[in-house]
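Okay, so here's the structure we're looking at.
The values are calculated or read from the model by the stated rules, or taken from the named source; none is laboratory data. Note that the structure is predicted; figures quoted are calculated from it, not measured. In this analysis, Cβ positions are derived from the backbone assuming ideal geometry, glycine residues included, and neighbour counts consider all displayed protein chains.
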Amino acid sequence: MKNFIEVTELKKVFGNGADEVHAFGPATMNINAGEFVSILGPSGCGKSTLMLMVAGLLDSTSGKVEFEKKLVNGPKTDIGIMFQDNTLVPWRTVRGNIELQLELRGLNLKDYQEQINNILKSVNLEDFAERFPNELSGGMQQRAAFCQAMIHDPKIILLDEPLGKLDAMTREKIRADFQKLWMVKKPTVIFVTHSIEEAVQLSNRVILITPRPGKIDREIKIDLPYPRDLKVKRSPKFTEYVNSIQEVFHKYGVI
């Protein structure tokens, strides 16, 4: 479905008068059903502000967001969302945290036990289902949070720099997990990042945001086969995409 998510002249300004801060926009973009779209830009350009407005967690100053032609005018409860800091509660095990997502939606836990087992296995956490978050590494915690966001099969997943605090090797492993799960389920994904390589590796399309106040500079379609493994990442075409995006940010004065 084309224009599954529509963002129209969206803008956010914080404060008033001399204290006004133009955080983002105005910006217009459309995202198709099943796309994996990365929002790529430097720190402070308003990427997270955009994500919060799309999720209905932050009111816009002007403009609108629509999901399937329905206006977003409050928090969306039918989406999956992940932030840089995971939302796991410390008093529940990994399984318990995933079940919490289902409980909050009034779903029958018995109906989802096999699905919980399958999603844990898909990210190699099946042996850690009864561990508490403080018993896990940072990467394991983020994989558990991803399972939590995915367990109710959301059609839309918003990822706001969920890998930002992880080391390079852990990031690479979780990228592969994200990619594998997306290829199977094909939800519509908006992925906020400031990593050029990450955006090229994961996305169908990359939307470049200027320094603050963030505006959409251009959109780049990434025509590479999935899965985007080491062979694809070493290809001249992958390198060409990364280099061309680096050139854009060099012109911004960011790189």
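Against the list (1) out of contact with any Lys or Arg (no Cβ under 9 Å at 6 or more places or on another chain); (2) under 22 Å from Gly44 (Cα atoms), the condition Phe178 fails is (2).
Of these, Val72, Val21, Val89, which one is touching a Gly at 6+ places or on another chain (Cβ under 7 Å) and within 29 Å of Arg143 (Cα to Cα)? If you could, list the steps in order and put the result at the bottom.
Values: Val21 fails: within 29 Å of Arg143 (Cα to Cα); Val89 fails: touching a Gly at 6+ places or on another chain (Cβ under 7 Å).
Step by step, each of Val72, Val21, Val89 is checked, and only Val72 is touching a Gly at 6+ places or on another chain (Cβ under 7 Å) and within 29 Å of Arg143 (Cα to Cα).
Looking across the range 184-226 at every residue that is assigned to a loop (DSSP other than H, G, I, E, B) and among the charged types (D, E, K, R), the one that is surrounded by the most Cβ atoms within 10 Å (Cβ to Cβ) is identified as Lys215. Annotation: of all residues in the range 22-63 being part of a loop (DSSP other than H, G, I, E, B) and of a type in the set (A, V, I, L, M), the one that is farthest from Pro211 (Cα to Cα) is Ala33. Checking each residue in the range 137-162 for being surrounded by fewer than 19 Cβ atoms within 10 Å (Cβ to Cβ) and either assigned to a loop (DSSP other than H, G, I, E, B) or among the hydrophobic types (A, V, I, L, M, F, W, C) (or both) picks out Ser137, His152, Asp153, Lys155. Applying the set (1) over 27 Å from Asn3 (Cα atoms); (2) assigned by TED's automatic domain parsing to the domain that holds Leu57; (3) hydrophobic (A, V, I, L, M, F, W, C) to Leu136 leaves exactly one unmet item: (2).
Would a scan of the range 106-119 turn up a residue that is outside any helix (DSSP H, G or I) and either in contact with a Cys (Cβ under 8 Å, 6 or more places away or on another chain) or of a type in the set (D, E, K, R) (or both)? Within the range 106-119, none of the residues are outside any helix (DSSP H, G or I) and either in contact with a Cys (Cβ under 8 Å, 6 or more places away or on another chain) or of a type in the set (D, E, K, R) (or both). For the range 174-202, give me each residue that is in contact with a Phe, Trp or Tyr (Cβ under 9 Å, 6 or more places away or on another chain), over 19 Å from Ala55 (Cβ atoms) and hydroxyl-bearing (Ser, Thr, Tyr). Of everything in the range 174-202, nothing turns out to be in contact with a Phe, Trp or Tyr (Cβ under 9 Å, 6 or more places away or on another chain), over 19 Å from Ala55 (Cβ atoms) and hydroxyl-bearing (Ser, Thr, Tyr).
Only a single criterion out of (1) within 20 Å of the chain's Cα centre (by Cα); (2) buried (at least 16 other Cβ atoms within 10 Å of the Cβ); (3) among the acidic types (Asp, Glu) is not satisfied by Asp85, namely (2). In the range 154-173, of all residues being touching a Gly at 6+ places or on another chain (Cβ under 6 Å) and free of Cβ contacts under 8 Å to residues at least 40 places away in the same chain, the one that is farthest from Val54 (Cα to Cα) corresponds to Thr170.
Name the residues in the range 227-255 that are of a type in the set (A, V, I, L, M, F, W, C) and either in a helix (DSSP H, G or I) or surrounded by 15 or more Cβ atoms within 10 Å (Cβ to Cβ) (or both), would you? Steps first, please.
First, the residues of the range 227-255 that are of a type in the set (A, V, I, L, M, F, W, C): 230, 232, 238, 242, 245, 248-249, 254-255.
The answer is Leu230, Val232, Phe238, Val242, Ile245, Val248, Phe249, Val254.
All conditions in (1) assigned to a strand (DSSP E or B); (2) crowded, with 20+ Cβ neighbours inside 10 Å hold for Asn97, with the sole exception of (1).
Which is assigned by TED's automatic domain parsing to the domain that holds Val13 and within 20 Å of Ala27 (Cα to Cα), of Pro227, Pro211?
Pro211
Cβ-Cβ contacts under 9 Å between residues 6 or more apart (or on different chains), taken from a first residue in the range 241-255 that is under 11 Å from Val200 (Cβ atoms) to a second residue that is part of a helix (DSSP H, G or I) and of a type in the set (Asp, Glu), are listed as Val242/Glu197.
For the range 207-228, the candidate set comprises residues that are closer than 16 Å to Val7 by Cβ and of a type in the set (A, V, I, L, M, F, W, C); within that set, the residue that is nearest to the chain's Cα centre (by Cα) is Ile207.
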